[in-house]
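Novice: Below is the structure I would like to discuss, written out as structure tokens.
The values are calculated or read from the model by the stated rules, or taken from the named source; none is laboratory data. Here the structure is a predicted model, which means the values were calculated and not measured. All Cβ positions, glycine included, derive from the backbone under ideal geometry; neighbour counts span all protein chains shown. Calculation scope for accessible area: heavy atoms of the full protein, side chains included, ligands and nucleic acids excluded. Shrake-Rupley method; radii C 1.70, N 1.55, O 1.52, S 1.80 Å.
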Amino acid sequence: MTSTKRIGIALEGGGAKGAYQLGALKAIKELDIKYDCVVGTSIGALNAAAYVLEEYEKYSNLWKDMNFSFDISNEKSSMVKILDFEEIKNDINEFEKQYLVSKGIETDEIIQLYKKHIDEGEIRKSKINFGLSTYCLTDKKLLNLFIDEIPKGMLHEYIFASCCLPVFSPREINGKYYLDGSIYNRLPINMLVDKGYKKIITVRLRRESYDFSLYNEVNIIDIAPDKFLSNTLKANSERIKWMIDKGYEDAYRILNENLSCLI
């Protein structure tokens, strides 16, 4: 399918729920929908790599390798109970003080997993643009970064920065600390709108409705589950497979019904 106007895709954050977005990628490929840019927050930033390289099979294997059975009951992980972003925002300075001295899930193995599966060079060479949203805790600033704004050799670190829930140990990147972008920008549609995109596919991870009223001048096709997918930090391999299949079924149906809007 060809389009006379550019199409962008925005991927929502949601931890283990992100398996759903891999299924949606399979449907997009089968329907031959051509897109020009993918942006994501948190797990959406990780999945954006799969969308940019259009490699469903390869990234399905990444999902099989990922551990979404995090043990957050460890008493050493003093911040693991603070996953309420509204609570964090209410006193971000106090949160920072506590978080930077906390001990959570170690991150080196996660970064190595990213490096194993995500080829930064191929992302940079792709004609499909890549972007992510993260929050710089040091500067108290939301960052919406496209690939040309991410320092070379640092893509894996910034993808993790977008995914950095406070259950993880603080990880310094060039002298600064970051937090999961979902705290301020869970579904980064604004990144595409600011680039002039008028046709946007969103792949969300929650069945609750979303307020798209800020984007009345944009044609948005919204793919979202009608059932609960999983907890943010816990999903076994069987549940991951179910979410991938569910994402494929929902996306295929919704996109097939709206193909005329994408031409």
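Novice: What are the residues in the range 66-108 that are among the charged types (D, E, K, R), in a helix (DSSP H, G or I) and at pLDDT below 90, if any?
Specialist: Narrowing the range 66-108 to residues among the charged types (D, E, K, R): 71, 75-76, 81, 84, 86-87, 89, 91, 94, 96-97, 103, 106, 108.
Add one more test, that the residue is in a helix (DSSP H, G or I), and what stays is 86-87, 89, 94, 96-97, 108.
Residues satisfying the conditions are Glu86, Glu87.
Novice: Which ones in the range 117-168 are touching an Asp or Glu at 6+ places or on another chain (Cβ under 8 Å) and of a type in the set (A, V, I, L, M)?
Specialist: Ile128, Leu137, Leu155, Leu165
Novice: Identify all residues within the range 164-191 that are hydrophobic (A, V, I, L, M, F, W, C) and open to solvent by less than 10 Å² (accessible area, probe 1.4 Å); write none if there are none.
Specialist: Step one: of the range 164-191, the residues hydrophobic (A, V, I, L, M, F, W, C) are 164-165, 167-168, 173, 179, 183, 187, 189, 191.
Cys164, Val167, Ile173, Leu179, Ile183, Leu187, Ile189, Met191, listed by residue number.
Novice: Can you find a residue that is among the aliphatic types (A, V, I, L, M) and open to solvent by 10 Å² or more (accessible area, probe 1.4 Å) anywhere in the range 87-95? Spell out how you get there, then give the answer.
Specialist: Residues of the range 87-95 that are among the aliphatic types (A, V, I, L, M), as a first pass: 88, 92.
If we keep only those that are open to solvent by 10 Å² or more (accessible area, probe 1.4 Å) as well, we get 92.
There is at least one residue in the range 87-95 that is among the aliphatic types (A, V, I, L, M) and open to solvent by 10 Å² or more (accessible area, probe 1.4 Å).
Novice: When you go through Asp245, Asp222 one by one, which is the residue that is among the acidic types (Asp, Glu), touching a residue at least 12 places away in the same chain (Cβ under 8 Å), touching a Ser or Thr at 6+ places or on another chain (Cβ under 7 Å) and farther than 27 Å from Lys141 by Cα?
Specialist: Working: Asp245 fails: touching a Ser or Thr at 6+ places or on another chain (Cβ under 7 Å).
Checking each option against the conditions leaves just Asp222.
Residue-by-condition table, conditions (1) in a helix (DSSP H, G or I); (2) modelled with pLDDT of 95 or more; (3) surrounded by fewer than 23 Cβ atoms within 10 Å (Cβ to Cβ):
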position: Ser162; (1), (2), (3): yes, yes, no
position: Val193; (1), (2), (3): yes, yes, yes
position: Ile220; (1), (2), (3): no, yes, yes
position: Glu238; (1), (2), (3): yes, no, yes
position: Ile254; (1), (2), (3): yes, yes, yes
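Novice: Looking at (1) within 13 Å of the chain's Cα centre (by Cα); (2) farther than 19 Å from Ile110 by Cα, can you tell me which one Gly196 breaks?
Specialist: (1)
Novice: Count, please, the residues in the range 118-173 that happen to be among the charged types (D, E, K, R) and touching a Phe, Trp or Tyr at 6+ places or on another chain (Cβ under 8 Å).
Specialist: Step one: of the range 118-173, the residues among the charged types (D, E, K, R) are 119-120, 122, 124-125, 127, 139-141, 148-149, 152, 157, 171-172.
Next cut, touching a Phe, Trp or Tyr at 6+ places or on another chain (Cβ under 8 Å) only: 141, 171.
Of the residues in the range 118-173, 2 are among the charged types (D, E, K, R) and touching a Phe, Trp or Tyr at 6+ places or on another chain (Cβ under 8 Å).
Novice: For the range 195-218, what are the residues that are within 19 Å of Ser162 (Cα to Cα) and either open to solvent by 40 Å² or more (accessible area, probe 1.4 Å) or not in a loop (DSSP other than H, G, I, E, B) (or both)? Write out each step before concluding.
Specialist: Taking the range 195-218 first, the residues within 19 Å of Ser162 (Cα to Cα) are 202-206.
Listed by number, the residues that qualify are Thr202, Val203, Arg206.
Novice: Looking at the structure I just gave you, is Ile105 closer than 20 Å to Asn190 by Cβ and buried (at least 17 other Cβ atoms within 10 Å of the Cβ)?
Specialist: So Ile105 fails the test.
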